[in-house]
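Novice: One structure is given below, represented as structure tokens, and several questions about it will come after.
The values are calculated or read from the model by the stated rules, or taken from the named source; none is laboratory data. Please read all numbers here as calculations on a predicted model, not as lab measurements. A quick note on method: Cβ atoms are made from the backbone with ideal geometry, for glycine too, and the neighbour counts reach across all protein chains shown.
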């Protein structure tokens, strides 16, 4: 076994966390891009909102379904290898969209290719890096890395909205492709697979906290883990809550806030800037949620987060208008603080219930998050086509948040340990 050095001045775990932050920041930006392309694609090709929403739904679904397999691939081949390939995949998918002429090509490229690439950098990556590199400050680091999702949106959405307005949606696709390639060398040189690769222990940990790699095939490991945890009640309650979490964030607000605001006369660039503000307040909310997760019962945090989210969605419809006003700002602040504040307590509950398998289990829980997002993205687009407005979608999301709050508080305070499973 590699000899482990004494604690260095700056622990390498922070370099791993920094590289992970950049990868997640890029993944969030790449995944959120279709939100600013709905209207331009509709205008140029005549595709219905529902058709474009179908591509977004495929993207969101694969973003989630890829996560547990990506976590297993990271066990088998290494984190930086998987993330680097994922970034190249995103670059190829986004770059090829400039040549598309039919809606099926939109589904294939933005839906399938970009969905697979960004899914390999989903929040299962957070669970993997935090689980391997950190023992102390796990909740806080989880919150910071999760906030990268909001930061990517914050940086890219207004920029891409202006690029689309000034130069067209093809220029935005090329921008995403180039940005993905820029991140590759940073990840390759800074993101090591495990603390032992650089001869140190996990941050704040001992030799007992070192997690050995599981050498089983990726698909076998991911599916075997799922088969085991489906017998655990906590798993299904987490799945239910996170399904609704995805439906009411990525599915509804991220995918449809801009076109919904545009329906009420608000310019798309203004709506994109408002959505980016969600990212600012989400950074604060998620980091604070990580800090709270180290100190407060995670079930109570989830109860509060989902309840507040439901209230804000129920109040959204009358706030839309052609101009930005104090009320819509209040929604942005309120919703932003709650956006992915659910991730640190959900990940903490996974760790307490499933131990060393938590990254892969969380990958499956996150898959439910993105399936909820995909279902809501498609359903909201169909509602808009059928009814001429998004109102029913916002009210439906509010009701779902109440269900998520109940499911979260129903999780046992001391979860029943998951049945043991051989690494093979």
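Novice: Among the listed residues 330, 353, 348, identify the single one that is over 18 Å from residue 250 (Cα atoms), free of Cβ contacts under 8 Å to residues at least 12 places away in the same chain and over 15 Å from the mean Cα position of the chain (by Cα).
Specialist: Working: 353 fails: free of Cβ contacts under 8 Å to residues at least 12 places away in the same chain; 348 fails: free of Cβ contacts under 8 Å to residues at least 12 places away in the same chain.
After ruling out the rest, the residue left standing is 330.
Novice: Which residue out of 292, 378 is buried (at least 19 other Cβ atoms within 10 Å of the Cβ), touching a residue at least 60 places away in the same chain (Cβ under 8 Å) and under 18 Å from residue 246 (Cβ atoms)? Can you show your working first?
Specialist: Numbers: 292 fails: under 18 Å from residue 246 (Cβ atoms).
Only one candidate qualifies: 378.
Novice: Considering the range 219-235 alone, what residues qualify as being surrounded by fewer than 17 Cβ atoms within 10 Å (Cβ to Cβ) and either in a helix (DSSP H, G or I) or under 21 Å from the mean Cα position of the chain (by Cα) (or both)? Working first, answer last.
Specialist: Quick first cut of the range 219-235, residues surrounded by fewer than 17 Cβ atoms within 10 Å (Cβ to Cβ) only: 219-220, 223, 226-227, 230-231, 233.
Result: 219, 220, 223, 226, 227, 233.
Novice: Right, here's the next one. In the set 93, 64, which member is under 20 Å from residue 222 (Cβ atoms) and touching a helix residue (DSSP H, G or I) at 6+ places or on another chain (Cβ under 6 Å)? Don't jump to the end; show me each part of the working.
Specialist: Working: 93 fails: under 20 Å from residue 222 (Cβ atoms).
Just one listed residue meets the conditions, 64.
Novice: For the range 104-149, name all the residues that are closer than 20 Å to residue 173 by Cα and out of contact with any helix residue (DSSP H, G or I) (no Cβ under 8 Å at 6 or more places or on another chain). Break it down stepwise before answering.
Specialist: Taking the range 104-149 first, the residues closer than 20 Å to residue 173 by Cα are 104-121, 149.
Once the filter is applied, which keeps residues that are closer than 20 Å to residue 173 by Cα and out of contact with any helix residue (DSSP H, G or I) (no Cβ under 8 Å at 6 or more places or on another chain), the range 104-149 yields 104, 108.
Novice: Going by the structure shown, is residue 282 within 22 Å of residue 162 (Cβ to Cβ) and out of contact with any helix residue (DSSP H, G or I) (no Cβ under 7 Å at 6 or more places or on another chain)?
Specialist: Values: within 22 Å of residue 162 (Cβ to Cβ): yes; out of contact with any helix residue (DSSP H, G or I) (no Cβ under 7 Å at 6 or more places or on another chain): no.
No.
Novice: Mind listing whichever residues of the range 362-401 are more than 18 Å from residue 54 (Cα to Cα) and in contact with a helix residue (DSSP H, G or I) (Cβ under 6 Å, 6 or more places away or on another chain)?
Specialist: Just the residues of the range 362-401 that are more than 18 Å from residue 54 (Cα to Cα), to begin with: 362-366, 391-392, 394-401.
Within the range 362-401, 362, 363, 364, 365, 366, 391, 392, 394, 397, 398, 400, 401 qualify.
Novice: Related question: Here are some residues: 272, 247, 240, 276. Which one is within 20 Å of the chain's Cα centre (by Cα), farther than 20 Å from residue 334 by Cβ and part of a helix (DSSP H, G or I)? Walk me through it before giving the result.
Specialist: Values: 272 fails: farther than 20 Å from residue 334 by Cβ; 247 fails: farther than 20 Å from residue 334 by Cβ; 276 fails: farther than 20 Å from residue 334 by Cβ.
One residue alone meets the criteria, 240.
Novice: Scan the range 313-325 residue by residue and report those that are part of a helix (DSSP H, G or I) and free of Cβ contacts under 8 Å to residues at least 60 places away in the same chain. Spell out how you get there, then give the answer.
Specialist: Let us first name the residues in the range 313-325 that are part of a helix (DSSP H, G or I), namely 313-314, 317-319.
Of everything in the range 313-325, those that are part of a helix (DSSP H, G or I) and free of Cβ contacts under 8 Å to residues at least 60 places away in the same chain turn out to be 318, 319.
Novice: From (1) modelled with pLDDT under 85; (2) over 16 Å from residue 301 (Cβ atoms); (3) surrounded by 15 or more Cβ atoms within 10 Å (Cβ to Cβ), pick out the condition that doesn't hold for residue 322.
Specialist: Exception for residue 322: condition (3).
Novice: Still on this structure, I have one more. Can you tell which of 118, 146, 142 is within 28 Å of residue 207 (Cβ to Cβ) and in a helix (DSSP H, G or I)?
Specialist: On the way: 118 fails: within 28 Å of residue 207 (Cβ to Cβ); 146 fails: within 28 Å of residue 207 (Cβ to Cβ).
Matching residue, one of 118, 146, 142: 142.
Novice: Looking at the range 361-375, which of its residues are crowded, with 24+ Cβ neighbours inside 10 Å and over 15 Å from the mean Cα position of the chain (by Cα)?
Specialist: 361
Novice: Tell me the residue from 76, 31 that is at pLDDT below 80, in a helix (DSSP H, G or I) and under 15 Å from the mean Cα position of the chain (by Cα), please.
Specialist: Numbers: 76 fails: under 15 Å from the mean Cα position of the chain (by Cα).
Testing whether each residue is at pLDDT below 80, in a helix (DSSP H, G or I) and under 15 Å from the mean Cα position of the chain (by Cα) leaves just 31.
Novice: Follow-up. Against the conditions (1) closer than 27 Å to residue 405 by Cα; (2) modelled with pLDDT of 80 or more; (3) surrounded by fewer than 24 Cβ atoms within 10 Å (Cβ to Cβ), where does residue 270 fall short? Just the number, please.
Specialist: Evaluating residue 270 over (1) closer than 27 Å to residue 405 by Cα; (2) modelled with pLDDT of 80 or more; (3) surrounded by fewer than 24 Cβ atoms within 10 Å (Cβ to Cβ) leaves (1) as the failure.
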